[in-house]
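Visitor: This structure is in structure tokens; I'll ask about it shortly.
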Amino acid sequence: MSDCLFCKIAAGEIPCDKVYEDDDVLAFHDIRPIAPVHFLIIPKQHVASLSECGPEHEAMLGRLLAHVPKLAREQGLAAGFKTGINTGRAGGQEVFHLHIHVFGHKA
């Protein structure tokens with residue numbers, strides 16, 4: 001989507017502090033972190049929120065989640081971390097592009 005902040009970041013139109021990137025997934029540090037380590041993992045494909053996902057998104061959701069433990073370890077969260085997916089305005093979602101928050105404190 002042309003007006004989606006995260007689509008613009010994924011397309012390289014807006015810079016980010018990148019953690020990881022492949023053809024389908026981008027991970028980058030949150031610009032308003034709530035913990036010493038706080039990054040987001042997004043699909044490059046635009047999906048507005050988790051509530052819009054169905055069976056056709058299973059592979060994409062699996063890829064996103066499979067990156068969480070590896071990237072968390074690489075960012076110093078080997079002892080543990082939290083994840084969150086804010087869904088919908090009432091769920092605290094501010095950017096309407098599916099994203100997983102990964103955050104915690106380095107051990």
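Visitor: Test each condition in (1) touching a Cys at 6+ places or on another chain (Cβ under 6 Å); (2) more than 16 Å from GLN75 (Cβ to Cβ); (3) modelled with pLDDT of 95 or more for MET1 and report the one that comes out false.
Guide: Only one criterion is unmet by MET1, namely (3).
Visitor: Of the residues that make up segment 44-54, is at least one surrounded by fewer than 13 Cβ atoms within 10 Å (Cβ to Cβ) and in a loop (DSSP other than H, G, I, E, B)?
Guide: yes
Visitor: Considering every residue within segment 58-76, establish whether at least one is surrounded by fewer than 17 Cβ atoms within 10 Å (Cβ to Cβ), modelled with pLDDT of 95 or more and assigned to a loop (DSSP other than H, G, I, E, B).
Guide: yes
Visitor: A further question follows. For segment 86-100, give me each residue that is surrounded by fewer than 18 Cβ atoms within 10 Å (Cβ to Cβ) and touching a strand residue (DSSP E or B) at 6+ places or on another chain (Cβ under 8 Å).
Guide: ASN86
Visitor: When segment 17-40 is examined, which residues are found to be of a type in the set (A, V, I, L, M, F, W, C) and without any contact (Cβ under 8 Å) to a residue 40 or more places away in the chain?
Guide: Here is the first cut: in segment 17-40, the ones of a type in the set (A, V, I, L, M, F, W, C) are 19, 25-28, 31, 34-35, 37, 39-40.
Residues satisfying the conditions are LEU26, PHE28, ILE31.
Visitor: Can you tell me which residue among LYS44, LYS70, LYS8 is over 15 Å from PHE103 (Cα atoms), touching a strand residue (DSSP E or B) at 6+ places or on another chain (Cβ under 9 Å) and without any contact (Cβ under 8 Å) to a residue 40 or more places away in the chain?
Guide: Exactly one residue qualifies, and that residue is LYS44.
Visitor: Here's another thing I want to ask about it. For ASP23, work out the one condition from (1) closer than 19 Å to ILE9 by Cβ; (2) surrounded by fewer than 16 Cβ atoms within 10 Å (Cβ to Cβ); (3) touching a strand residue (DSSP E or B) at 6+ places or on another chain (Cβ under 8 Å) it doesn't fulfil.
Guide: (3)
Visitor: Go over the candidates PHE81, PHE96 one by one and state the one that is over 18 Å from VAL19 (Cα atoms) and of a type outside the set (Lys, Arg).
Guide: PHE96 is the lone residue from the list that is over 18 Å from VAL19 (Cα atoms) and of a type outside the set (Lys, Arg).
Visitor: Just name the residue that is farthest from LEU77 (Cα to Cα) out of those in segment 11-35 that are touching a His at 6+ places or on another chain (Cβ under 7 Å) and in a loop (DSSP other than H, G, I, E, B).
Guide: Top of the filtered list is ASP17.
The values are calculated or read from the model by the stated rules, or taken from the named source; none is laboratory data. All figures in this text were calculated on a predicted structure; none of them were measured in a lab. Don't worry about glycine lacking a Cβ; one is built from the backbone with ideal geometry, like all the others, and counts go over all protein chains shown.
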